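Accompanying notes for the structure given below.
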Amino acid sequence: MNRDEHDRMKGATPPEARGAEDAPDSPEWDRMIATFRQAAPRSSAPPWLEQRVMAEIEALPERSTTQRILAWLVSPAPVRVSPLTVGLAAAALAALLLWPGRGAVGPNGGDMATAGSTEQVVYVQFVLEAPLATSVAVAGDFSDWEPSFLLTDSDGDGVWTGRVPIRPGVHSYMFLIDELEWQTDPNAERYQDDGFGNRNAVLAVGASS
């Protein structure tokens, strides 16, 4: 096959451009090209292909409920978590871990220490004689100076008492009377200036054996 014949088969040479020498073979080549074009694969799938594929799928054995559940469990599934959610969760966890045992002693003097805590604490008995007071709380560096621990006067004799969980170490503290007046413990063993003209009571808490 020469170059001109090849171009004619590819459709590159129009019929009007063919030379006289091509005239005897032209009808035969045209019929051959038409046959090749009809036999060429089409771009779309044959109509029987979809039916055959569906028949193959229906012929597959059906998986049991256990197999479907197992496939669902082992199949990876992406989980999207926003940065805001991660930040809020981290902040909540940090607040829970750093919360200094607030509310460990309720208004009736009962112990309310956080359940499940593995950090060692020692329960210290605080006593203050304040017959005119209507409420007494103790605050110190062990509670970030928040008056979270309330003392009680159950028999009304003016002596307020309460047990407070404190970590071992040296701590400073004061009493808050009626949520207004700060008072130093007159029975403390040691004192230190608070830098504002008052004295804080000092308490040394040893680790329990």
With all protein chains in place and a 1.4 Å probe, I69 shows an accessible area in Å² (nearest 10) of 90 Å²
Provide the solvent-accessible area of R31, counting protein heavy atoms only and rolling a 1.4 Å probe, rounded to the nearest 10 Å². 150 Å²
Extension gain, E181 back to T65 (0.36 nm per residue minus Cα-Cα distance, nm): 34.7 nm
Applying a 10 Å radius around every beta-carbon, put 129-137, 185-193 in order of their mean neighbour count, most first. 129-137, 185-193
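The values are calculated or read from the model by the stated rules, or taken from the named source; none is laboratory data. Since the structure is predicted, the reported quantities are computational estimates derived from the model, not experimental observations. Quick reminder, even Gly has a Cβ in these numbers, built from the backbone with ideal geometry, and neighbours come from all protein chains shown. Each accessible area value is taken on the protein alone, full model and side chains, heavy atoms only, with ligands, DNA and RNA left out. Shrake-Rupley method; radii C 1.70, N 1.55, O 1.52, S 1.80 Å.
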